[in-house]
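The values are calculated or read from the model by the stated rules, or taken from the named source; none is laboratory data. In this text, all values refer to a predicted model and were calculated from it rather than measured experimentally. Counting neighbours? That spans all protein chains shown, and the Cβs are built from the backbone with ideal geometry, glycine included. Accessible surface areas use protein heavy atoms only, side chains included; no ligands, DNA or RNA. Shrake-Rupley method; radii C 1.70, N 1.55, O 1.52, S 1.80 Å.
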Amino acid sequence: MKNKFFILIAGLLLLLSGSCINSIDDNIKTGNIPMTFSVKEISSSSTKVTGNAFDSKDEIGLFATFANTDLSGERYIDNLRLTCDGNANLIPDREIFYPEGNNPLDIVAYYPFETEGIEAGSSLLPISVQSNQSTKDNFSVSDFLIATVNEVKGSDEPIELEFEHKLAKVHLILSPAEDENIDNILEADPHIIATGFKTIAQYNFTSDTFQNPERAVDITPYGEWEKKNGKLQGKEFIVIPQSINSEQALVMEWNGRLYTCPMPEIDMKSNTICEISINAFQATSSTLSTATADIKEWEYQEEAESDTEYDLASIRTASLSFKNSNVYRVYYESKAVAEICKEYLLSDDFSLASQAIVVYPVENEKTNINQGIVLKLENEEKPIHGGYIEWNKTTNSFTYEEGKSEPIECFYIDQEGEIELEKPDKPANVNVSCYTLRDIRGGKLEIYPIVKIGTQYWMREDLRATDYRQTLNELNELQELSGEAGYITKYDSYFYTGEAIMAHELAPYGWKIPTTEDWEKLNQYIQRDASIIKSGTWKKVPDDDYISPALNLTGLNIVPRGVYTESEDGRTTLFNRESCAAYWIGGEEAQTLSDQAIMLLSNRNELITGKNKVSGKNYYVGLTIRCVME
């Protein structure tokens, strides 16, 4: 009984001392004045996305020591979590009191809150910035702010914390060259990343320095391009202060091609903004012209200029937006040597179901899909990346040998044109560009993005041809269905009659209107789950409230277009524009058709077939065309 009594008393004493760490002098006791906190606007320029000091639910960590004691010593408060209420108030996750008597405290607060805090006997806090800062949340938590208040005594007034940035921010500017149009660049929306910046370090609260920077990764900036003073601005990212040299660069994808830009050699310091101005022009070279940098330390600025040559020796996956196509080609000495695909890997037994970035060797313009390397499995945290994939064209399935690495952010091409995951002694300088379908007919160029699904390559958009492929004949633009060869255009969609398909060749060179076998091969690969090929917003069909998902995991990007047919009174009408997608099925021979069409409905999660002729008539309806590579 005595032992139990002493254990109970010891537990109560431990609970009462829960607000302290290490052993505080026994003569110092906790008082009865509660400590409250508020925040002032962040000093200087804010990197908070909203422009306010802090957002609602932002979390801040706080330490308190007795005056003239640093954090490596005894702490009165250890890593107290404060949560912003969206105004100026910071709410502690437990009630905390000033020490009794005249015992002033030194307060140190930081953002963002780290659960582990600082180890006892140390003043080092591990910090990191996000590699993908393109989202609001990731950009905000990449910031690192410090507030200090010394010799704080017990008071009913809140402790006001004024924060200062300890990291640096890079603001990117694109300056169009004389021959470039700023509106065309804005429409192209260049995708840009920063490479070689170290993203992990330890902040020393005692010396106010960053130590042991490491983990150089690719950083995707936050923001959107916008026109300002004849330039494009709006992209920015946060970095740990570090010296910039030949190891860092910017890589930009612009209209499907990759360009590199060396960083000026500068020494980035805390609480600074570095403006990098890039002279943007498209040329045959993969290297952009020199960039200039302005370091803004509020009243002090320094200019630097880079004249370093930077070759595209490494291919970095973060630099690929996959906006213009799900497939890229890597060229060495004007020959395609590799192909990079963003594709959906779905095994027969569902053991693997993930979007992935895969690189394949290319030999004589033919992709070798039997020797693929899975560089990255999206949303997979386990170190199983870097595996090998081999495809069976007959069964449209794959075998996958699981990797043992973290996501592979870059790879190389050696002097023999081979893919290398480690940097070779002499990496080849290469060009990388989108692999698209370029369809030229009637003096007009149409560019279609491509997506690989299983062993098939599909157009990622519907056909927009207004001329036949092998003749100078234009397709007739129709207003109604009557058995005439032609097309109807509406809402930026092209609906072709069956007669048009049978008259002359419509599919681009090297492509075809998919047959029943082609559609079935796609259906088999997606496990008959139409949600992973549907995209966009689908509306309900009449008399049914159910709408099946549109996840578009494969990237095939099928959106509802509707069907052109005749109403009961004989008028040509577009039916189910927002709830149905329907495509032609080609016959086994060129310029022939199946007697059915492929259809997707908003209330069904499957591919179905339907009639392709006007009801009661001997002529065809108007349907869209999606082609597959031969």
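Looking only at the stretch 530-552, how many residues end up being within 27 Å of Thr394 (Cα to Cα), surrounded by 20 or more Cβ atoms within 10 Å (Cβ to Cβ) and not basic (Lys, Arg)?
Number satisfying all stated conditions: 3.
Could you please give the count of residues in the stretch 427-455 that are of a type in the set (Val, Ile, Thr), part of a loop (DSSP other than H, G, I, E, B) and within 18 Å of Gly510 (Cα to Cα)?
1
Select from the stretch 454-473 the residues that are out of contact with any strand residue (DSSP E or B) (no Cβ under 7 Å at 6 or more places or on another chain) and open to solvent by less than 10 Å² (accessible area, probe 1.4 Å) and list them in ascending order.
Gly454
Ile266 - would you say it is among the hydrophobic types (A, V, I, L, M, F, W, C), within 27 Å of Gln242 (Cα to Cα) and modelled with pLDDT of 85 or more?
No, not satisfied.
Could you look through the stretch 560-600, keep only residues that are open to solvent by 40 Å² or more (accessible area, probe 1.4 Å) and hydrophobic (A, V, I, L, M, F, W, C), and pick out the one that is nearest to Glu505 (Cα to Cα)?
Looking at residues that are open to solvent by 40 Å² or more (accessible area, probe 1.4 Å) and hydrophobic (A, V, I, L, M, F, W, C), I get Ala590.
Failed condition for Leu145, given (1) closer than 17 Å to Glu164 by Cα; (2) free of Cβ contacts under 8 Å to residues at least 40 places away in the same chain, with all others met?
For Leu145, the exception is condition (2).
Can you tell me which residue is nearest to Pro241 (Cα to Cα) among those in the stretch 159-177 that are assigned to a loop (DSSP other than H, G, I, E, B) and either free of Cβ contacts under 8 Å to residues at least 60 places away in the same chain or of a type outside the set (Asp, Glu) (or both)?
Ranking the candidates gives Leu167 first.
Quick one: in the stretch 531-547, of everything that is aliphatic (A, V, I, L, M), assigned to a loop (DSSP other than H, G, I, E, B) and in contact with a strand residue (DSSP E or B) (Cβ under 9 Å, 6 or more places away or on another chain), which residue is farthest from Arg626 (Cα to Cα)?
Val541
Residues in the stretch 576-585: is at least one part of a strand (DSSP E or B) and more than 19 Å from Lys521 (Cα to Cα)?
Looking for residues that are part of a strand (DSSP E or B) and more than 19 Å from Lys521 (Cα to Cα), one finds at least one in the stretch 576-585, hence yes.
Please determine, by comparing only the residues of the stretch 270-291 that are modelled with pLDDT under 65 and not in a strand (DSSP E or B), which one is most open to solvent (accessible area, probe 1.4 Å).
Thr284
Identify the residue in the stretch 147-158 that is outside any loop (DSSP other than H, G, I, E, B) and open to solvent by less than 70 Å² (accessible area, probe 1.4 Å) and, among all such residues, is nearest to Ile192 (Cα to Cα).
Taking the candidates together, the pick is Ala147.
How many residues are touching a Phe, Trp or Tyr at 6+ places or on another chain (Cβ under 8 Å), part of a strand (DSSP E or B) and open to solvent by 20 Å² or more (accessible area, probe 1.4 Å) if we restrict to the stretch 235-266?
2
Which pairs have Cβ atoms under 6 Å, sit 6 or more apart or on different chains, and link a residue in the stretch 85-109 that is within 12 Å of Asn150 (Cα to Cα) to one that is at pLDDT 85 or above and small (Gly, Ala, Ser)?
That search, which allows pairs on different chains as well, returns Leu105/Ala64; Ile107/Ala64; Ala109/Ala147.
For the stretch 330-338, does any single residue satisfy the condition of being at pLDDT below 95, within 24 Å of the chain's Cα centre (by Cα) and open to solvent by less than 10 Å² (accessible area, probe 1.4 Å)?
Yes.
Hey, could you check the stretch 611-630 for residues that are open to solvent by 10 Å² or more (accessible area, probe 1.4 Å) and not in a loop (DSSP other than H, G, I, E, B) and say which is nearest to Ala503 (Cα to Cα)?
If we take residues in the stretch 611-630 being open to solvent by 10 Å² or more (accessible area, probe 1.4 Å) and not in a loop (DSSP other than H, G, I, E, B), then Tyr620 is nearest to Ala503 (Cα to Cα).
Specify the residue that is farthest from Val251 (Cα to Cα); the eligible residues are those in the stretch 178-234 that are open to solvent by 50 Å² or more (accessible area, probe 1.4 Å), in a helix (DSSP H, G or I) and of a type outside the set (D, E, K, R).
Asn184
Can you name every residue in the stretch 119-146 that is part of a loop (DSSP other than H, G, I, E, B) and open to solvent by less than 10 Å² (accessible area, probe 1.4 Å)?
Residues satisfying the conditions are Val129, Gln133, Ser142, Asp143, Phe144.
Does Val541 satisfy the criteria of being modelled with pLDDT under 95 and either within 23 Å of Trp511 (Cα to Cα) or of a type in the set (A, V, I, L, M) (or both)?
yes
Evaluate the following for Ile608: is it surrounded by fewer than 22 Cβ atoms within 10 Å (Cβ to Cβ), under 18 Å from Pro514 (Cβ atoms) and under 36 Å from the mean Cα position of the chain (by Cα)?
So Ile608 fits the description; yes.
Just need a number here: residues in the stretch 567-587 that are farther than 19 Å from Tyr491 by Cβ and at pLDDT 90 or above.
3
Could you count how many residues in the stretch 500-514 are crowded, with 17+ Cβ neighbours inside 10 Å and either among the polar types (S, T, N, Q) or touching an Asp or Glu at 6+ places or on another chain (Cβ under 7 Å) (or both)?
Of the residues in the stretch 500-514, 2 are crowded, with 17+ Cβ neighbours inside 10 Å and either among the polar types (S, T, N, Q) or touching an Asp or Glu at 6+ places or on another chain (Cβ under 7 Å) (or both).
Looking for something open to solvent by less than 30 Å² (accessible area, probe 1.4 Å), of a type outside the set (Gly, Ala, Ser) and modelled with pLDDT of 75 or more - is there at least one such residue anywhere in the stretch 23-34?
No, there is no match, as no residue in the stretch 23-34 is open to solvent by less than 30 Å² (accessible area, probe 1.4 Å), of a type outside the set (Gly, Ala, Ser) and modelled with pLDDT of 75 or more.
Can you tell me which condition Ser351 does not meet? The list is (1) polar (S, T, N, Q); (2) touching a residue at least 24 places away in the same chain (Cβ under 8 Å); (3) farther than 22 Å from Trp254 by Cα, and all the others hold.
Status for Ser351: all satisfied but (2).
Out of the residues in the stretch 370-422 that are assigned to a loop (DSSP other than H, G, I, E, B) and in contact with a helix residue (DSSP H, G or I) (Cβ under 7 Å, 6 or more places away or on another chain), state the one that is most open to solvent (accessible area, probe 1.4 Å).
So, considering only residues that are assigned to a loop (DSSP other than H, G, I, E, B) and in contact with a helix residue (DSSP H, G or I) (Cβ under 7 Å, 6 or more places away or on another chain), the one most open to solvent (accessible area, probe 1.4 Å) is Glu409.
If you check Ser579 against the conditions, is it of a type in the set (S, T, N, Q) and touching a residue at least 40 places away in the same chain (Cβ under 8 Å)?
yes
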